[in-house]
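Take a look at the structure set out below.
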Amino acid sequence: MTTIDSIDNGVNVQALLDAREALKGAPEAAQFTWRSTTRWENGVHTTSTVKNFFGLGAEQNHKAESSFTADHPEVFAAEDHGITPIEYLLVGLGSCLTAGIASVAQNRGIQLRSVEATLEGAHDIRGILGADSDVRNGYNGIKVTFDIDADASTEDIEALVAQSQKRSAVFDALTNPTDVTVEVV
């Protein structure tokens, strides 16, 4: 029989639970500001970097700066130096939900063997091209399909996914209105 102490999905759940308790008494420390900087390269090719953020009441740094290249495919008359910006939304959503599944599984004592998320976004590009003003610019819908191998029942696995969805910052940002302010300096 597997015990919760023998489960290892690589998530330090105790640290997360301790942080949750600590932040209940210090909500100001829970106010984070995530940042990225995007630089235009040429055509529709951009490079975005992420290095620092604000959290726990102070400036913080990632261990290393991360860079992300975005472009458009040749079928859009571009050079295809990277994935499209809208594909990054799929990457963010899949990453957030999958990390949540690992965290929830660890907390519930479920050993994962593998988790794979396949995401598909239905997108009518007539909107972004200005060909039809009645067509929205973004996704019409996103489908996430999980293939999870774990020491758990189908019901328990479905509950893992549901809890991950409930706690996912990216799922929330995509499914609820988010204020976005754009400024020119």
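The values are calculated or read from the model by the stated rules, or taken from the named source; none is laboratory data. Please read all numbers here as calculations on a predicted model, not as lab measurements. Note that we place each Cβ from the backbone using ideal geometry, even for glycine, and neighbour counts take in every protein chain shown. Side chains are part of the model used for accessible areas, which takes the heavy atoms of the whole protein and leaves out ligands, DNA and RNA. Shrake-Rupley method; radii C 1.70, N 1.55, O 1.52, S 1.80 Å.
Structural remarks
- For the chain, the alpha-carbon coordinates run over 59, 41, 30 Å along the three principal axes, in decreasing order.
- In the complete set of protein chains, residue-level accessible area for LEU23 is approximately 50 Å², probe 1.4 angstrom.
- Cα-projected label distance for THR49 with VAL91, points at 7 Å along beta-carbon direction, nm: 1.7 nm
- Å³ per residue enclosed by the Cα convex hull of the range 31-135: 184 Å³
- Calculated mean residue ellipticity at 222 nm for the chain: -10500 deg cm²/dmol, from DSSP H runs with n ≥ 4 weighted as -39500 (n - 2.57), summed, divided by the residue count and rounded to 500.
- Comparing THR69, THR175, ASN12 along the charge dipole axis of the chain, the residue lying farthest to the positive side is ASN12, per the Cβ-charge model.
- 0 to 90° range, to nearest 10: angle between helix 154-167 axis and the chain longest Cα axis: 60 degrees
- Counting only lysines at least 8 places from LYS51 when in the same chain, those with an alpha carbon closer than 19 Å to its own are LYS63.
- Within straight-line reach of LYS143, meaning a Cα separation under 17 Å, sit the following lysines at least 8 residues removed in sequence or on another chain: LYS166.
- Theoretical FRET efficiency, 1/(1+(r/R0)^6), r = Cβ-Cβ of ALA30 and LEU129, R0 41 Å, to 0.05: 0.50
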